[in-house]
Amino acid sequence: MLLITGGAGYIGSHAVIDFLEAGYDILIFDNLEVGHIEIINTLKKIGNVKFEKGDLRNLADVQKLFNNYKIDGVIHFAAYALVEESVKNPSKYYENNVVGTLNLLNTMIKNDVKKIVFSSTCATYGEPNYVPIDENHPQNPINPYGTSKLMVEKILDDYDKAYDLKSIKLRYFNVVGADSKCRIGEWHDNETHLVPNILKSVLQESKEFKIFGNDYNTKDGTCVRDYINVEDLVQAHRLSYEYLLKENKSDVFNLGTQNGVSVKEVFETCQNVLNKKINYKIENRRAGDPAMLYADTSKIYHVLNWKPKRTLEYSIKTASEWEKRNEQQK
Ligand code: UDP
């Protein structure tokens, strides 16, 4: 079976659906700190899913997992992923994202499991020297979150040379949207992300939407990012895993759309999709936000023949349907 760590979380759970629909048997390992048991219950109704609650920082949990199941490969999502929090509490990030991952990798090697797809991030590039950012852009992260992911990238390179562990590292840009059938979606108890925050401000009167900074050196003064649909993104994980099975070669790819979109443009697209005027307030810049990040995605297109298919409008529409449903369910 295929082990998916962090399968109860936002991106991990969408990956579980994609792999299930392609016929894989899935084992989810998650500590349910950020993920939700309700998501696991939904996934169990879709296909053959086993769930083990545990923590990567606890080596005994990881060893038990490999003793109890026949694992063929790993898709590794479990990690903390908030830039601002990582600046305030780096120990939490290095402990989970680096030490936890080492527990996983060492147990894989011991059990002769030699294939892994790893969630990395455009935060490993730091403040860009040029855009669009390709995979050869220098990696100088400016926060502990990005550093923790870069450390794992380096560990994976060394483990390939020493132990023949093959990995595909996927550097995500900004992930948006929800399952097309609205079964699951983005669900963070303390939401910090742009699209869900805009949608929450529409659904909940107490939540005012704030734009963090309009004095950046960009087309309209707000930050520019590259918003990639979650279903497109997870499909690239399956193609990556199948590439590992077929070619047995490590590689690294950016995952984005190649379009730089400003915060204001995302906001306006939300207004258009919802056909509603939304209030907003301009706030100070948020610490650690680079002005402009968007991907050159030609490499993954050439090697895996992967291209994003879904538009930002579509992502906002699915995110909005999920947000409404999840508010009602809570
Ligand atoms: N942002 C914003 N208001 C919010 C949340 C985010 O203006 O309520 C901005 C943020 O400053 C950044 C962009 O939206 O420029 C994307 O932020 P997000 O947290 O979604 O992703 P990140 O780029 O940090 O991974």
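The values are calculated or read from the model by the stated rules, or taken from the named source; none is laboratory data. Every value quoted in this text rests on a predicted model; they were computed, and no experiment measured them. Positions of Cβ are backbone-derived with ideal geometry, glycine not excepted, and every protein chain shown enters the neighbour counts.
Summary table below
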| quantity | calculated |
| --- | --- |
| Selection from the range 28-45 of residues that are under 18 Å from Glu186 (Cβ atoms), of a type in the set (A, V, I, L, M, F, W, C) and either under 18 Å from the mean Cα position of the chain (by Cα) or crowded, with 16+ Cβ neighbours inside 10 Å (or both) | Ile28, Leu32, Val34, Ile39, Ile40, Leu43 |
| Asn254, sole failed condition from (1) crowded, with 20+ Cβ neighbours inside 10 Å; (2) more than 17 Å from Ile198 (Cβ to Cβ); (3) more than 18 Å from the chain's Cα centre (by Cα) | (3) |
| Filter result (within 10 Å of the ligand (Cβ to nearest atom) and surrounded by fewer than 17 Cβ atoms within 10 Å (Cβ to Cβ)) within the range 267-280 | Tyr280 |
| Checking Thr222 against (1) in a strand (DSSP E or B); (2) closer than 19 Å to Phe173 by Cα, the condition it does not meet | (1) |
| Checklist (1) buried (at least 22 other Cβ atoms within 10 Å of the Cβ); (2) within 15 Å of the ligand (Cβ to nearest atom); (3) of a type in the set (A, V, I, L, M) applied to Val234, failing item | (2) |
| Glu95 vs. criteria charged (D, E, K, R) and within 27 Å of Tyr24 (Cα to Cα) | no |
| Inter-residue pairs, beta-carbon under 8 Å, first within 22 Å of Cys223 (Cα to Cα) and in the range 290-319, second among the basic types (Lys, Arg) and surrounded by fewer than 17 Cβ atoms within 10 Å (Cβ to Cβ), 6+ apart | Thr297/Lys307 |
| Every residue from the range 292-330 that is buried (at least 17 other Cβ atoms within 10 Å of the Cβ) and assigned to a loop (DSSP other than H, G, I, E, B) | Leu293, Tyr294, Asp296, Thr297, Trp306, Pro308, Arg310 |
| Wholly within the range 1-83, strands (runs of 3 or more DSSP E) carrying at least 3 residues that are within 25 Å of Asn326 (Cα to Cα) | 26-30, 49-53 |
| Residue count for the range 266-291, restricted to those that are more than 23 Å from Pro308 (Cα to Cα) and either part of a loop (DSSP other than H, G, I, E, B) or of a type in the set (Phe, Trp, Tyr) (or both) | 14 |
| Single condition Leu170 does not satisfy, out of (1) in contact with a strand residue (DSSP E or B) (Cβ under 7 Å, 6 or more places away or on another chain); (2) near the ligand (Cβ under 10 Å from one of its atoms); (3) aliphatic (A, V, I, L, M) | (2) |
| The range 18-45 residues that are modelled with pLDDT under 95, paired with ones that are buried (at least 17 other Cβ atoms within 10 Å of the Cβ) (beta carbon under 9 Å, 6 or more apart) | none |
| Odd one out for Lys200, checked against (1) part of a helix (DSSP H, G or I); (2) out of contact with any Asp or Glu (no Cβ under 7 Å at 6 or more places or on another chain) | (2) |
| Members of the range 131-169 that are assigned to a strand (DSSP E or B) and either in contact with a Ser or Thr (Cβ under 6 Å, 6 or more places away or on another chain) or free of Cβ contacts under 8 Å to residues at least 24 places away in the same chain (or both) | Lys166, Ser167, Ile168, Lys169 |
| Qualifying positions in the range 237-266 - basic (Lys, Arg) and within 12 Å of the ligand (Cβ to nearest atom) | Lys264 |
| Filtered residue count, the range 207-223, keeping only those that are under 13 Å from Arg286 (Cβ atoms) and more than 8 Å from the ligand (Cβ to nearest atom) | 3 |
| Extreme residue, surrounded by the most Cβ atoms within 10 Å (Cβ to Cβ), among residues of the range 173-204 that are over 24 Å from Val224 (Cα atoms) and within 16 Å of the ligand (Cβ to nearest atom) | Leu203 |
| Residues of the range 93-130 classified as outside any helix (DSSP H, G or I) and surrounded by fewer than 18 Cβ atoms within 10 Å (Cβ to Cβ), total | 6 |
